[in-house]
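S.K.: Sharing a structure with you now.
Nothing in this text is a laboratory measurement; each read-out follows from the coordinates by a stated rule. The structure presented is a predicted model; accordingly, all values stated were derived computationally and were not measured. All Cβ positions, even for glycine, are placed from backbone atoms using ideal geometry, and neighbour counts span all protein chains on display.
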Amino acid sequence: MIAKIIIDKKREGRSLGSAEIREFVEGFTKGEIPDYQMSALAMAICCRGMTERETADLTEAMMNSGRVLSWDGLLTADKHSTGGVGDKLSLVIQPLVAACGVFVPSLTGRGLGLTGGTADKLETIPGYNASLSLEDFDRVVRSCGVSMTVQTDEITPADKKLYALRDVTGTVASIALITSSILSKKLAEGAGALIFDVKCGSGAFMKSREQAVELAMSLVAGAKASGRRAAALVTDMSTPLGRAVGNANEVAEAIQILKGSKDPLLKLVADLSLELAALMVSLSKGIALEQARAECEDRLSDMSAFARFEAMVSAHGGSLDSFLALLEKPVFRFRIQSMRSGYVSGIDAEKVARAALELGAGRQRQTDAIDPLAGVTLDVMRGDKVSVGTALATLQKSGDPNGLEHAAAELYKAFTVSSQAPAAADLILERID
C-alpha cells in the first residue's frame, strides 16, 4: 500500500520525500517491492521528472544499497564517459592521472550495442582480469595508483536491478534516472573528485547538445550535493575518436598515445585526454588548470604515465608482450577507398560503430562473444583532402571473412566527400563546473 501511494504521488507530479525514496529503494533491493511496482515508479519518474533534491536522494539511496568504498584519506579521482565510438580515453587518462600522484579507483563496464566497454578492451590483453574482487581492487589501487575493473554485485545492487527494468520498459531516457544510475556507482567507489565526459552526436546516447548539457549539469550538481568536487565537459561525438574502433586496436592506439605518438590522426584523442586528466588533477590537488595541464604533459613526455599503465596491467595478471604478439596474428582485412576527389567533410560515428559491431567488435546481447581483433581503422580524418582511390578505412576480423564485404559497403556510407573543405569544428563544446 505504501509503494502504491508513492507511485500515485509521483504520477500526479508531486515531489517525493527523502524517506519515501529511501524506503522504496530499500524495499525493491530486498525484494519486498516487486519489479512491476518499481517499473511503474520508473515510468512515472520518466514522465514527470524529479527535482534536483529528489535525484540526489535517489542517488544516495542506490549508492547505499550496497558497499561504499573508502580510501583512508588518499587523494582520489575518477572519470566517467557516457560512451562513444572509438572512446579509449580511460586507457590514457586513468594511468596519466595516477602518474600525477592522484589515486584512481575506476569501476568500469562492458559494451552493449554501439557503445564499447573499457573492460572488454582491457581483456584483449592476454591474462588481464577485469573482474577483480573488491579486496583485490583495493590492493591494486594502493600499489599501482590505478585499477580498472568491472563493478561487482556488492556495488549498488539497486541500480543493477533497476537498470535491467529500465532497459525493457522504455524508461532509459530520463535525466533523473540516468544521473542516479551513473552517480550511485561512481560515489560508491569512493573517489573524491569526479569528472564527466558527456558526449553528444550521432555516435552518442545523447544526440543533441541541449540534452548533453542538461545531463552534464545534473551529474555535476548531484556529485557536488554528495560532497564531491566535480566538473564536466560536453564533447562532440559526431565523428569517431581517433583512428581505431574496436577492442585490441583501441588498446594499441591508447598505448601509442601513452608513448607520445605524434600521429596527427591521434591528436584529438591525445588533446581531449590531456584536458580531462588535467581537470581531474586540478580538482583533486586544488591547483590551477594550467598547472595541472603542464604536469600531465610532463608525465606523458617522461613515460611515467605508460609505466603506470604497464604496472596496472601486470597487477591485473596481463602481459603486454603477449598483447603485442596477439596484434601480429593473421586476420581477414578489407580496405575501402574513395570513389571521388574532394575533402572528407564528415565521418558518421554511428555508421562506423555499426560496421564494427557487424564485424564482431561488440555485442547485440550480453551473452555474445567479442572478436578481440575485429574492428575498423580509419585512414583519414575529417577535413582531409582525398582523391579517387585514396584509402578511407580498413576493416578486419578473425575466424572467417564472412560479413566483411557487407560491413565494408555499410562503412562506406559513413564517409561524406565534398568539393569544399569543412569548417573547423570544436571537440569540446562546453564545460560545466
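S.K.: Top mean-square fluctuation among Gly117, Gly31, Gly13, Gaussian network model of the chain, C-alpha springs under 10 Å?
M.R.: Gly31
S.K.: Further, regarding this structure: Given a Förster distance of 45 Å, report the FRET efficiency between Ser131 and Ala423 from their Cβ-Cβ distance, rounded to the nearest 0.05.
M.R.: That pair, Ser131 with Ala423, gives E of 0.50.
S.K.: Moving on. Taking N as the number of residues in segment 59-145, what is its Cα Rg relative to 2.2 N^0.38 Å? Present the calculation step by step, with values, prior to reporting the outcome.
M.R.: Numbers: Rg = 13.8 Å, N = 87, 2.2 N^0.38 = 12.0 Å.
Compactness ratio reported: 1.15.
S.K.: Strictly over 24 Å apart at the Cα level, which of Lys10/Lys207; Lys186/Lys397; Lys121/Lys267; Lys207/Lys397; Lys121/Lys413; Lys79/Lys267 would you flag in this model?
M.R.: Lys10/Lys207; Lys186/Lys397; Lys207/Lys397; Lys121/Lys413
S.K.: Here is a further query. Mind running the shape call on segment 167-287? Use the C-alpha gyration tensor, a ≥ b ≥ c as the square roots of the eigenvalues: rounded below 1.5 for a/c, prolate if a/b tops b/c, oblate otherwise.
M.R.: Because a/c hits 1.5 or more and a/b fails to exceed b/c, segment 167-287 counts as oblate.
S.K.: Going by amide H atoms built from the backbone, whose H comes under 5 Å of the H on Val417, apart from near neighbours?
M.R.: Ser345
S.K.: Shifting gears a bit: Using only the alpha carbon atoms of segment 72-214, find the Kirkwood hydrodynamic radius as the inverse mean reciprocal pair distance, in angstroms to one decimal.
M.R.: For segment 72-214, the Kirkwood estimate is 16.0 Å.
S.K.: Here's a follow-up. For segment 365-430 and segment 151-190, what is the separation of their C-alpha centers, rounded to whole Å?
M.R.: Here the two parts' Cα centres lie 32 Å apart.
S.K.: If the label point is 7 Å along Cα→Cβ of Ser15, which residues in segment 48-68 have backbone nitrogen under 12 Å from it?
M.R.: 50-57
S.K.: Could you run the Karplus curve 6.51 cos²θ - 1.76 cosθ + 1.60 with θ = phi - 60° over segment 354-366 and give me ³J(HN,Hα) per residue in whole Hz, x for Gly and Pro?
M.R.: 5, 5, 5, 4, 5, 6, x, 7, x, 10, 7, 10, 4
S.K.: Sticking with this one: Between Asn402 and Glu32, what is the spin-label point distance in nm, taking each point 7 Å from the Cα along the Cα→C-beta axis?
M.R.: 5.2 nm
S.K.: Now, a different point. Under a 10 Å cutoff between Cα atoms, tell me which one of Ile175, Ile155, Ile33 has the largest fluctuation in the Gaussian network model of the chain.
M.R.: Ile33
S.K.: Among Ala393, Ala349, Ala44, determine the one that fluctuates most according to a GNM of the chain built with springs between C-alpha atoms less than 10 Å apart.
M.R.: Between Ala393, Ala349, Ala44, it is Ala44 that shows the largest mean-square fluctuation.
S.K.: Each label point is 7 Å from the Cα along the Cα-to-Cβ direction; what then is the distance between the points at Ser319 and Arg139, in nm?
M.R.: 2.1 nm
S.K.: Which whole-Hz ³J(HN,Hα) couplings does segment 214-221 yield from phi under the Karplus relation 6.51 cos²θ - 1.76 cosθ + 1.60, θ = phi - 60°, glycine and proline marked x?
M.R.: 4, 5, 4, 5, 5, 5, 5, 4
S.K.: Still on this structure, I have one more. Just flag the GluC sites (Glu not before Pro) in segment 1-33 sitting in loop per DSSP whose Cβ has no more than 16 other Cβ atoms within 10 Å.
M.R.: Sites meeting the loop and neighbour criteria: Glu12, Glu32.
S.K.: Something else about it: If you place +1 on the Cβ of every Lys and Arg, -1 on the Cβ of every Asp and Glu, and leave all else neutral, what size is the dipole of segment 94-199 about its Cα centre, to the nearest 20 Debye?
M.R.: 240 debye
S.K.: If r is the Cβ-Cβ distance from Leu327 to Ser70 and R0 is 41 Å, what FRET efficiency results, to the nearest 0.05?
M.R.: Once rounded, the FRET efficiency stands at 0.55.
S.K.: Here's another thing I want to ask about it. Quote the charge dipole size of the chain about the Cα centre in Debye, to the nearest 20; the model charges only the Cβ of Lys and Arg (+1) and of Asp and Glu (-1). Let's see the in-between values first.
M.R.: Working: 48 positive and 54 negative charges, 118 e Å.
Here the chain has a charge dipole of around 560 debye.
S.K.: Here is a further query. I'd like the FRET efficiency for Lys385 and Gln364, computed as 1/(1 + (r/R0)^6) with the beta carbon distance as r and R0 of 35 Å, rounded to 0.05.
M.R.: With R0 = 35 Å, the Cβ-Cβ based efficiency is 0.40.
S.K.: Helix-only mean residue ellipticity at 222 nm, the chain, DSSP H runs n ≥ 4 weighted -39,500 (n - 2.57), per residue, nearest 500. What is it?
M.R.: For the chain, the value works out to -14500 deg cm²/dmol.
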